[in-house]
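Everything below concerns the one structure shown next.
The values are calculated or read from the model by the stated rules, or taken from the named source; none is laboratory data. Keep in mind it's a predicted model, so treat the numbers as computed, not measured. In this analysis, Cβ positions are derived from the backbone assuming ideal geometry, glycine residues included, and neighbour counts consider all displayed protein chains. Only protein heavy atoms, including side chains, enter the accessible area calculation; ligands, DNA and RNA are left aside. Shrake-Rupley method; radii C 1.70, N 1.55, O 1.52, S 1.80 Å.
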Amino acid sequence: FYARGYTSVTVAPPKVGKSMLGLAEAIDMATGRGFLTGAPREPLKVVYYNAEDDENVIDGRIAALLEAYGIDQNEIAGQIFPTSGVDRPEFFMVSGQEGIINEALFVSIEKFIQETGADALIFDPLQDLSRSPETNEVFRLLGQRLRRMASTMNVALGLIHHTRKLAPGVAASIDDARGGSALRGTARFNRLLIGMSEDEGVKAGVPNHRHYLRVGDMESN
């Protein structure tokens, strides 16, 4: 799903588990174990930037994932860079009604990529990295700039994004990403995550349906 030189967008409603999945994928890449893919590989250096949760929450999730998969903390030392953006109000990628790109920020990110030798970056969630209205034009400009950074720096970019508010009982589709389809058009891969419903949990015989999600839809450009 993560492709070097391109962006990939994960879309999901709230509380499905997209942040936990993104962090698990970051750890899988950082260790090279392949515990999610079944295909071990050389470890990669991964930056995980969460603009919504504080450092304690991120560290707690990492600790839980390491324990769940039997991974020693030393395996990710120097391989994964988990960062909270809660106390970084200056960290925004686009601003204004017309979508003015924060070029100074992109320059600093690119410098950080060079200094650390990062292979992949995951930004979570996209809405907290913008000070612009969520229009097709704004997301087109932002998506093009992100794609250019991925290409010029030869890194894989993962964007975690919310769906728009849906009417009760309406199932989300990949077309329900906030801000329209422009962001999807600039990405190499797009996927929609769907949480298991209570009825599906009963049919599957699982004790808690909230512990499960699936890829409900996927597309490539």
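May I ask you to say which residue of VAL202, VAL170 is over 19 Å from the mean Cα position of the chain (by Cα) and modelled with pLDDT under 95?
Details: VAL202 fails: modelled with pLDDT under 95.
None of the others qualify; the one that does is VAL170.
SER220 passes all but one of (1) in contact with a strand residue (DSSP E or B) (Cβ under 6 Å, 6 or more places away or on another chain); (2) polar (S, T, N, Q); (3) in contact (Cβ under 8 Å) with a residue 60 or more places away in the chain; which number fails?
(3)
Pick out, from the stretch 106-216, the strands (runs of 3 or more DSSP E) lying fully within it that include 3 or more residues that are closer than 27 Å to LEU65 by Cα, without any contact (Cβ under 8 Å) to a residue 12 or more places away in the chain and open to solvent by 20 Å² or more (accessible area, probe 1.4 Å).
none
Here is a list: GLN127, GLN114. Which entry is within 22 Å of ALA26 (Cα to Cα) and touching a His at 6+ places or on another chain (Cβ under 8 Å)?
None of the other options fit; the residue is GLN127.
Could you list all residues from the stretch 23-61 that are open to solvent by 20 Å² or more (accessible area, probe 1.4 Å) and among the aromatic types (Phe, Trp, Tyr)?
Passing the criteria: only PHE35.
Return a yes/no flag: does the stretch 73-88 have any residue that is charged (D, E, K, R), under 21 Å from TYR212 (Cβ atoms) and either open to solvent by less than 20 Å² (accessible area, probe 1.4 Å) or in contact (Cβ under 8 Å) with a residue 40 or more places away in the chain (or both).
no
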